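Okay, structure first, notes after.
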Amino acid sequence: MLARIVIDDIHPRTPSGRYPAKAVVGERVPVSATIFKDGHDRLAARVRWRRAGKRTWHSAPLRDVGNDRWEGELTPSAVGAHELVIEAWRDRFATWRHDIEIRVAAGDDVEVELEEGARILEALASQLPGRARKRVLDAAAGLRRTSCSLHVRLNAGLDDRVAELVGDLPDADLTASEPVGLWVDRERAGFSAWYEFFPRSEGGFVGAMDRLPAIAEMGFDVVYLPPIHPIGKTDRKGRNNTLTVEPGDPGSPWAIGSPEGGHTAIHPELGTIEDFRRFRDRASELGLEVALDYALQCSPDHPWVTEHPEWFHRRPDGSIRFAENPPKKYQDIYPINFWPERDADRVALWKACRDILRYWIGEGVRIFRVDNPHTKPIAFWAWLIERIHRNHPDVIFLSEAFTRPAVMAKLAEVGFTQSYTYFTWRTEPWELREYVEELAHGPLAEYMRPNFWPNTPDILSGPLRHGPPAAFLLRFVLAATLVPSYGIYSGYELYENEPASDENEEYLNSEKYEIRRRDWGRPDSMAPFIAQVNAIRRRHPAFRWLRNVRFHHSANDRFLVWSRGHAAEGDLMLVVVNLDPHHPQETVLGLDLAAIGMPTHGPYTAADELGGETYTWDGPNPYVRLDPTRGQVAHILTLQA
């Protein structure tokens, strides 16, 4: 379509533009575009958005920030698919205002321009209600009042209030961009605290219900369960991932399927579907939402292996190669071939995978942690997530793809709600800062939501390996306050820190292969600390959003310092972490006070919500000392002028 005004490079958007960018209900989403036209006319622009298929549009102005770049923001209020458009037009009043001021200053006769301004105001007034319309019409009349001096007439038309009233009114001849997609998720998609545990270690669903109050008291809102399905016996793994199985070894929950059923069945040792429902309902009563593992793989005993041999890749001898992720080998798992030779077989397989989700959605589950999605075709996930969201837009998918950056980003682009990240392996201050800035302020922020996990059943890494309690405390604070969503795997609060070996990142005596009994009431548990940090997160809206993080300087490079929020928004938090878990460290901070809305001179308060102390600071360079040997690994401070 031909248009005189050019509207290019619209954001938010995904790299390909084929899939929608992402937002959360209530989120202030930055919007920008490059907008210009020929000549010297002043322009105006706005963003408009609506739920897909709905009639009601919402709008917000865009402002020229220089070099033809225009910026603003929108705040969606409903879950689901949205479309947004950028509209731009010649701002006739602003152009007139600019031109007449120049002519008057040059001493030109502006009688014709005064009449032109009056007509522009009359045309714009028709778009305004009641009092606003009268105010603008009065200004038009003032421009024509020949009985008054030129100064008085000009003041009537150049009044700032009049300019404010008509400034965002579109011209009849506006240019609109092509619609851009935006997917809006519910609030938990953007802000959540996950706790992962194995129900079988608590005696099945009945015993696991007794664990739920403690999880809720720690302040978590998502309780995530590894696969709850029957476990195969063929090539079952023994303790520590060995091929030697002793009587009573439970096997890996990710070896899904047995003669008792597949992905829609429950392991008999965990209980029945009625037990699961009671567990789900009890979690809901405590403010917890249950997330299930969606692992699309099969044990050799899964019903699909015999019922649908076409869904597996067969070697020349007719056997199926077990799954591998070198150097890891999974002899108890068969990978599924998601692209069989016959299209009919692929369609049937994909629908069967969709129906697994539909079954558990029917059981009240709305969150799924997806195992190894990078080992399945991207096209499959684009197809699957879109079809689930058609009828269930509130479903959340967490991508467990510890893989190459481009693949992780593509999975997010095609629909995954949240993503595991490289946080587990980012331990130095400079690399944490660099990584979070990439996630919060780079192009990824428009469609990829990070979820930080210090540990998982597969990963014991970095300072946690043989680390002291302070290492667990500081890594927890980092995960819980650097980004809005994070999770931990149970045992973290008890400082479990023994790796399988110097080379192997997994745990020694991994719960993936055995039942683990823990003393949750240990007096040294960090559960109270977790509860305290989660309570701080919930109290302060600044922790709910990804893009409001700003890093600050420290004279000692063992510290990481960042703020969340802005003083003008009424909630400004400063987090200071000593990344040395073994030694006390001290530093002088270099705070960018102007950037966070604080006065650059004069006293202000810094109230530590972890330690309880309140400090009076003056200027950008306060002194800080943190001693991990006394449990002091961080300050989480509320700043107020």
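Evaluate the following for Ala78: is it among the hydrophobic types (A, V, I, L, M, F, W, C), open to solvent by 10 Å² or more (accessible area, probe 1.4 Å) and under 39 Å from the mean Cα position of the chain (by Cα)? Yes: the conditions hold for Ala78. Within the range 131-159, residues that are in contact (Cβ under 8 Å) with a residue 24 or more places away in the chain and more than 13 Å from Ile120 (Cα to Cα) reach partners that are among the charged types (D, E, K, R) and assigned to a helix (DSSP H, G or I) with beta carbons closer than 8 Å, at six or more positions or on different chains, in the pairs Arg135/Arg161; Arg153/Arg144. Within the range 246-272, the set of residues being of a type in the set (Gly, Ala, Ser), over 14 Å from Tyr513 (Cβ atoms) and either in a loop (DSSP other than H, G, I, E, B) or at pLDDT below 95 (or both) comprises Gly257, Gly262, Ala265, Gly271. Being touching a residue at least 24 places away in the same chain (Cβ under 8 Å), open to solvent by 60 Å² or more (accessible area, probe 1.4 Å) and either on the phi > 0 side of the Ramachandran plot or hydrophobic (A, V, I, L, M, F, W, C) (or both) holds for only one residue in Trp350, Trp381, Trp360, Trp339, and it is Trp339. Arg369 - would you say it is touching a helix residue (DSSP H, G or I) at 6+ places or on another chain (Cβ under 9 Å), charged (D, E, K, R), under 29 Å from Ile530 (Cα atoms) and buried (at least 23 other Cβ atoms within 10 Å of the Cβ)? No: the conditions fail for Arg369.
Output yes when any residue across the range 45-53 is under 23 Å from Asp99 (Cα atoms), surrounded by 19 or more Cβ atoms within 10 Å (Cβ to Cβ) and among the aliphatic types (A, V, I, L, M), and no when none is. Yes; the residues of the range 45-53 include at least one that is under 23 Å from Asp99 (Cα atoms), surrounded by 19 or more Cβ atoms within 10 Å (Cβ to Cβ) and among the aliphatic types (A, V, I, L, M). Scan the range 200-219 and tell me whether some residue there is acidic (Asp, Glu), surrounded by 20 or more Cβ atoms within 10 Å (Cβ to Cβ) and either in contact with a helix residue (DSSP H, G or I) (Cβ under 7 Å, 6 or more places away or on another chain) or at pLDDT below 95 (or both). Yes; the residues of the range 200-219 include at least one that is acidic (Asp, Glu), surrounded by 20 or more Cβ atoms within 10 Å (Cβ to Cβ) and either in contact with a helix residue (DSSP H, G or I) (Cβ under 7 Å, 6 or more places away or on another chain) or at pLDDT below 95 (or both).
Residues considered: Leu439, Leu444. Of these, the only one that is open to solvent by 10 Å² or more (accessible area, probe 1.4 Å) and under 11 Å from the mean Cα position of the chain (by Cα) is Leu444.
Residue check: Ala140 meets all listed conditions (1) of a type in the set (A, V, I, L, M); (2) over 29 Å from Pro30 (Cβ atoms); (3) at pLDDT 95 or above but one, namely (3).
Among the residues making up the range 18-43, none is without any contact (Cβ under 8 Å) to a residue 12 or more places away in the chain and touching a helix residue (DSSP H, G or I) at 6+ places or on another chain (Cβ under 6 Å). Evaluating Ala607 against the criteria (1) among the hydrophobic types (A, V, I, L, M, F, W, C); (2) open to solvent by 20 Å² or more (accessible area, probe 1.4 Å); (3) part of a loop (DSSP other than H, G, I, E, B) leaves one unmet condition, (3).
Whenever a residue of the range 257-277 is under 14 Å from Gly364 (Cα atoms) and in contact (Cβ under 8 Å) with a residue 60 or more places away in the chain, its partners that are outside any loop (DSSP other than H, G, I, E, B) and open to solvent by 20 Å² or more (accessible area, probe 1.4 Å), lying with C-beta atoms within less than 9 angstrom and at least six residues away or across chains, give the pairs Thr264/Asp355; Thr264/Tyr359; Asp275/Val206; Asp275/Met209. Figure legend. Inter-residue proximity from the range 499-519: first residues free of Cβ contacts under 8 Å to residues at least 40 places away in the same chain, second residues assigned to a loop (DSSP other than H, G, I, E, B) and open to solvent by 40 Å² or more (accessible area, probe 1.4 Å), beta-carbon distance below 7 Å, spacing 6+ or different chains. Indicated pairs: Pro499/Arg465; Pro499/Glu505; Pro499/Leu508. Is one or more of the residues making up the range 615-624 closer than 18 Å to Leu478 by Cα and either part of a loop (DSSP other than H, G, I, E, B) or in contact with a Gly (Cβ under 9 Å, 6 or more places away or on another chain) (or both)? No, the range 615-624 contains no residue that is closer than 18 Å to Leu478 by Cα and either part of a loop (DSSP other than H, G, I, E, B) or in contact with a Gly (Cβ under 9 Å, 6 or more places away or on another chain) (or both). Of the strands (runs of 3 or more DSSP E) lying entirely inside the range 374-472, not one carries at least 3 residues that are under 19 Å from Tyr486 (Cα atoms), in contact with a Cys (Cβ under 6 Å, 6 or more places away or on another chain) and modelled with pLDDT under 95. The single condition among (1) among the small types (Gly, Ala, Ser); (2) assigned to a helix (DSSP H, G or I); (3) over 23 Å from Ser16 (Cβ atoms) that Gly364 does not meet is (2). One residue stands out in the range 156-168 among those that are in a helix (DSSP H, G or I) and out of contact with any helix residue (DSSP H, G or I) (no Cβ under 8 Å at 6 or more places or on another chain): the one that is surrounded by the fewest Cβ atoms within 10 Å (Cβ to Cβ), namely Asp160. Beta carbons closer than 7 Å, at least 6 apart along the sequence or on distinct chains, pair a first residue in the range 587-610 that is without any contact (Cβ under 8 Å) to a residue 60 or more places away in the chain with a second that is of a type in the set (D, E, K, R) and surrounded by fewer than 17 Cβ atoms within 10 Å (Cβ to Cβ) for Gly602/Asp618; Pro603/Asp618.
Only one residue in Leu121, Leu114, Leu84 is under 28 Å from the mean Cα position of the chain (by Cα) and open to solvent by less than 80 Å² (accessible area, probe 1.4 Å), so which one is that? Residue meeting the stated conditions: Leu84. Of the set (1) open to solvent by 60 Å² or more (accessible area, probe 1.4 Å); (2) of a type in the set (D, E, K, R); (3) not in a helix (DSSP H, G or I), all apply to Asp171 but (1).
Scanning the range 221-276 for residues being touching a helix residue (DSSP H, G or I) at 6+ places or on another chain (Cβ under 9 Å), polar (S, T, N, Q) and surrounded by fewer than 17 Cβ atoms within 10 Å (Cβ to Cβ) gives a total of 2.
Taking every residue in the range 554-567 that is surrounded by fewer than 17 Cβ atoms within 10 Å (Cβ to Cβ) and pairing it with any residue that is among the aromatic types (Phe, Trp, Tyr), at least 6 positions away or on another chain, yields no pair with a Cβ-Cβ distance below 6 Å.
For every residue, the table says whether it meets (1) closer than 23 Å to Asp580 by Cα; (2) surrounded by fewer than 18 Cβ atoms within 10 Å (Cβ to Cβ); (3) over 27 Å from the mean Cα position of the chain (by Cα).
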| position | (1), (2), (3) |
| --- | --- |
| Asn451 | no, no, no |
| Ala479 | yes, no, no |
| Trp520 | no, yes, yes |
| Phe529 | yes, no, no |
| Arg547 | no, yes, no |
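The values are calculated or read from the model by the stated rules, or taken from the named source; none is laboratory data. The model shown is predicted, which means the values in this text are computed figures rather than measured ones. Cβ coordinates were reconstructed from backbone atoms using ideal geometry, including for glycine residues, and neighbour counts include every protein chain displayed. With ligands, DNA and RNA removed, areas are computed over all heavy atoms of the protein, side chains included. Shrake-Rupley method; radii C 1.70, N 1.55, O 1.52, S 1.80 Å.
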